[in-house]
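S.K.: Starting off with a structure, shown below.
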Amino acid sequence: MSKKPSDPKNWNPATLAIHGLDRTEHAHFAVSTPIVHTSNYYFNNTQEVYDFMKAKSEGKVIREHEYGRYGNPTQQECERKLAAVEGAERAVLFASGMAAVILTIMTFMRRDGHIIFTSDCYRQTRDFAANLLAEFGIQVSMVDPTADAIEKAIKPNTNIIFTESPTNPYLRCLDLPAVVRVAKQHKVMTIIDATLATSYNLKPLAVGVDVVIHSATKYLGGHNDLLAGVTLGSDKLMNDVYRMQRMIGATPGPLTCFLLERGLKTFGLRMEHHNRAGMAVARMLEANPKIEKVWYPGLESHPDHRIAKEQMKGYGSIITFLVKGDDAKTRKFIDALELFLITPSLGGSESLVTQMWMMSFFDYPEDYRKKIGMSDNLVRIALGLEDVDDLLADLKQALERI
Ligand code: PLP
């Protein structure tokens, strides 16, 4: 019996992260994508310039490269693979996750419009929403991360719903089909920052979300060694995002794109490890008498466990918990960890630990911190790629010291 020719669209994320949907010819038949370090691309004569400009004015592409801010070959190869993994028509890469978030919002925001954000979102996104958007005459509502709360906040001038799933640090998971139903009913666009879920564990576009954003600094790059962001969606929407990027910049450099594409080659393997490690460590912490409470979507005790189970392939490697005790005990525990580096961020090969109030909310007034649940004993860990038994042992020994 002859083998059915496989359709790349049926390949799994791990395969797509390596091959994309189609193969691009590389100079010298190189297996890895060359790093093209140039800021501009020359034309051989004025006729070439004329033909290029004429084709461009008619919406045709006769050659891809012109100027570095408009993209480079290493970036475009990486974008093709990211789009394939996400199941998007097109990806646009940025120099950081925040550049992707802000420039995507700026692409679609409208004067006198209203944007709904969900609370418990990334600190800089929250600050952009709360402090900068008003300067542009945009109304903002910050609501609980649920479809119900979003629906209640819809106004006649709402044109964007911006959510994260899972959120940070409480890992709340949005019922995405319900959010999409609300959005479609009110003709509102949906944008999700799915950094913590990744395109391995969650497929927002498949359930009708319009635009997905990731901080590629995290799991997509995966090695704590680069900064990048990516916005993904239909060709039509991404053309608008790309136009904004061509104008403003925030384009990632070729070396960053090479590192990101290299990181993608192990994306599937890494995510399987992260998912396994996350579940094992979350269960251990929940059973440990020195821990007051654990938030991890894979645990039955998490408020959104049912939603997470329905829509996610795995739950990732971020775990948030309360140490039983005060600030001093929490610091003692963190300082006793041997494998965890004290730093913000997540999604890389090294395990990281953050005492939330001190690292991310230090400059907020104490009463506000308390109001949003940033208590002194709130800790977030982002497990890396170390052996799971070693991570369990390290956490246990540090807990025994308090
Ligand atoms: N979105 C989320 C959910 C994040 O956690 C972060 C960074 O931690 C960002 C966006 C910003 O990404 P970057 O640091 O790459 O700008």
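The values are calculated or read from the model by the stated rules, or taken from the named source; none is laboratory data. What you see is a predicted model, and the numbers here were worked out from it, not measured in a lab. For neighbour counting, all protein chains shown are included, and Cβ atoms are generated from backbone atoms with ideal geometry for every residue, glycine included. SASA here: full protein model, heavy atoms, side chains in, ligands and nucleic acids out. Shrake-Rupley method; radii C 1.70, N 1.55, O 1.52, S 1.80 Å.
S.K.: Quick one: compute the contact order of segment 267-400, relative version, from alpha carbon pairs under 8 angstrom and 6+ residues apart, as a percent.
M.R.: It rounds to 27 percent for segment 267-400.
S.K.: Additional query: Using modelled backbone amide H atoms (1.01 Å from N, in-plane), which distant-in-sequence or interchain residues come within less than 5 Å of residue 119's amide H?
M.R.: Amide H to amide H, under 5 Å and 5 or more residues apart or across chains, residue 119 pairs with 143, 144.
S.K.: Here's something else I'd like to know. Measure nothing but the geometry: give the 0 to 90° angle between the long axis through the Cα atoms of 327-336 and the longest principal axis through the Cα atoms of the chain, rounded to 10°.
M.R.: 60
S.K.: Report the relative contact order of segment 166-323, percent, no decimals, based on alpha-carbon pairs under 8 angstrom and at least 6 residues apart.
M.R.: Values: 211 pairs, mean separation 39.2, N = 158.
Computed over segment 166-323, the figure is 25 percent.
S.K.: Considering only the other residues whose Cβ falls under 9 Å of the Cβ of residue 159, what net charge follows from Lys and Arg at +1 and Asp and Glu at -1?
M.R.: +2
S.K.: Compute the acute angle (0 to 90°) between the alpha-carbon long axis of helix 254-264 and the principal axis of greatest extent of the alpha-carbon atoms of the chain; round to the nearest 10°.
M.R.: Helix 254-264 sits roughly 60 degrees off the main axis of the chain.
S.K.: For residue 272, project a label point 7 Å along Cα to C-beta. Then give me every residue of segment 190-232 with its amide nitrogen under 20 Å of that point.
M.R.: Correct set: 197-203, 219-223.
S.K.: When the helices in the chain are scored as -39500 (n - 2.57) per DSSP H run of 4 or longer and the sum is shared across all residues, what 222 nm value do you end up with, to the nearest 500 deg cm²/dmol?
M.R.: Numbers: 16 runs with 158 residues, N = 402.
Mean residue ellipticity, 222 nm, calculated: -11500 deg cm²/dmol.
S.K.: Another question, then. I need the phi-derived Karplus couplings for segment 375-387: 6.51 cos²θ - 1.76 cosθ + 1.60, θ = phi - 60°, integer Hz, Gly and Pro marked x.
M.R.: With coefficients 6.51, -1.76 and 1.60, one gets 6, 4, 9, 8, 10, 10, 10, 10, 6, x, 9, 5, 4 Hz.
S.K.: Also, quick follow-up: Report the local net charge at residue 240: Lys and Arg +1, Asp and Glu -1, summed over other residues whose C-beta lies under 12 Å from its C-beta.
M.R.: Values: positive: 90, 236, 243, 246; negative: 210, 235.
Here the count lands on +2.
S.K.: Please list the equivalent ellipsoid semi-axes of the chain, computed as the square roots of five times the alpha-carbon gyration tensor eigenvalues, in descending order and whole angstrom. Don't skip to the answer; put the middle values down first.
M.R.: Values: eigenvalues 273, 135, 81 Å².
That gives 37, 26, 20 Å for the three semi-axes.
S.K.: Just how many % of Cα pairs in segment 38-108 lie over 16 Å apart, if you round to the nearest whole percent?
M.R.: Details: 1560 of 2485 pairs.
When all Cα pairs of segment 38-108 are counted, 63 percent exceed 16 Å.
S.K.: Compare 53, 279, 109 in a GNM of the chain, Cα atoms joined below 10 Å, and give the one with the largest fluctuation.
M.R.: Maximum fluctuation in the GNM of the chain, among the listed residues, is at 53.
S.K.: Still on this model: Find how much the distance from residue 309 to residue 235 grows on full extension, using 0.36 nm per residue of separation minus their present alpha carbon separation; answer in nm with one decimal. Could you put the intermediate results ahead of the total?
M.R.: Values: separation 74, 0.36 × 74 = 26.64 nm, distance 3.04 nm.
Contour length minus the Cα-Cα distance gives 23.6 nm.
S.K.: Using alpha-carbon positions, what is the distance between the centroids of segment 331-360 and segment 371-385, in Å?
M.R.: Value for the Cα centre distance between the two parts: 9 Å.
S.K.: Okay, next question. Tell me, what % of the accessible area of the chain is carbon and sulfur with a 1.4 angstrom probe?
M.R.: Working: 10080 of 18740 Å².
Carbon and sulfur: 54 percent of the exposed surface of the chain.
S.K.: If each of residue 184 and residue 60 carries a label point 7 Å out from its Cα toward its Cβ, how far apart are those two points in nm?
M.R.: Going from the residue 184 label point to the residue 60 one covers 3.8 nm.
S.K.: Further, regarding this structure: Return one number: the angle in degrees, 0 to 90 and rounded to the nearest 10, between the long axis of the Cα atoms of helix 388-400 and the longest principal axis of the Cα atoms of the chain.
M.R.: Helix 388-400 sits roughly 40 degrees off the main axis of the chain.
S.K.: Could you list, in their original order, any pairs among 81/218; 155/187; 155/371; 290/313; 203/313 whose Cα atoms are separated by more than 18 Å? Write down the numbers at each step before the final one.
M.R.: Details: 81/218 16 Å; 155/187 11 Å; 155/371 26 Å; 290/313 30 Å; 203/313 9 Å.
Table pairs above 18 Å Cα-Cα are 155/371; 290/313.
S.K.: Further, regarding this structure: So for 144, 7, what's the accessible-area order with a 1.4 Å probe, most first? The partial results should precede the final answer.
M.R.: On the way: 144 95, 7 70 Å².
Of 144, 7, the descending order of accessible area is 144, 7.
S.K.: Now for a separate question. Which residues' amide hydrogens lie under 5 Å from the amide hydrogen of residue 91, considering only partners 5 or more residues apart or on another chain, with H built in the peptide plane?
M.R.: So residue 91 has HN proximity to 83.
S.K.: Same structure again: Taking amide H positions as placed 1.01 Å from N in the peptide plane, with prolines and chain starts having none, which residues 5 or more places from residue 385, or on another chain, fall under 5 Å of its amide H?
M.R.: 350, 351
S.K.: Another question, if that's okay. Out of the GluC sites (Glu not before Pro) in segment 61-137, which ones are loop residues according to DSSP with at most 13 other C-beta atoms within 10 Å?
M.R.: Working: sites: 64, 66, 77, 79, 86, 89, 135; in loops: 64, 66, 89.
Loop-located and lightly packed - 64.
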